[in-house]
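Below is one structure; the comments refer to it alone.
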Amino acid sequence: MVRREPPDFGLWPDIPPAALLIPVDTHIENMARSLGLTRRRSRNWKMAEEITAGLRRLDPADPVKYDFSLCHTRMSGQCLDRRVEAVCAPCRLRPVCRHWRGRRGARA
């Protein structure tokens, strides 16, 4: 609702994307935990703030822009929330994934 470019509607132009918090569903929760954006076990406001703060390090102006790609990576089966060579091999997030950090073969 705040972005002006498709597919968003841009109906709330007074709210900057930097002010948004990422919506946390089960897919975002699992991806965020795998990427080290949160260690919390309860899906709540604090988790949303923590994940958003981590994403803000990547893009302070629009940290929530990663919502679709993170959610759909998990939904599509491209991330199984565990170490599976055949599934993980093409993943560009593998170097920062908790399932691969510090293990042999962690370099993608």
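Dividing the Cα convex hull volume of the chain by residue count, how many Å³ per residue is that? Numbers along the way, then the final one.
Numbers: hull volume 11.9 nm³, N = 108.
In the chain, the Cα convex hull volume per residue is 110 Å³.
Taking Cα centre as origin and charging only the Cβ of basic (Lys, Arg, +1) and acidic (Asp, Glu, -1) residues, the dipole magnitude of the chain rounds to 860 debye.
Remark: spin-label model distance PHE9-VAL84 equals 3.6 nm, labels positioned 7 Å along the Cα→Cβ axis. Going by a ≥ b ≥ c, the root eigenvalues of the Cα gyration tensor, does segment 1-55 fall in the rounded group (a/c under 1.5), the prolate group (a/b larger than b/c) or the oblate group? Prolate, since a/c reaches 1.5 and a/b exceeds b/c.
When the charge dipole of the chain is built from unit charges on Cβ atoms (+1 for Lys and Arg, -1 for Asp and Glu) and taken about the Cα centre, the candidate among SER69, CYS79, TRP100 whose Cα reaches farthest toward its positive end is TRP100. Packing here is the average count of other Cβ atoms within 10 Å per residue, and on that basis the peptides 76-84, 19-27, highest first, run 19-27, 76-84. For ASP67, the accessible area of its heavy atoms, probed at 1.4 Å with every protein chain present, is near 40 square angstrom.
For the chain, the solvent-accessible area works out to 66 Å² per residue, with a probe of 1.4 Å and every protein chain left in place. First compute the accessible area of the chain with a 1.4 Å probe, then give the percent of it belonging to carbon and sulfur atoms. Its accessible area is 55 percent carbon and sulfur atoms.
The values are calculated or read from the model by the stated rules, or taken from the named source; none is laboratory data. Predicted model only: the values in this text are computed from it and were never measured. Cβ sites come from the backbone with ideal geometry, for glycine too, and all protein chains shown count toward neighbours. What goes into the accessible areas is simple: the full protein's heavy atoms, side chains included, and nothing from ligands, DNA or RNA. Shrake-Rupley method; radii C 1.70, N 1.55, O 1.52, S 1.80 Å.
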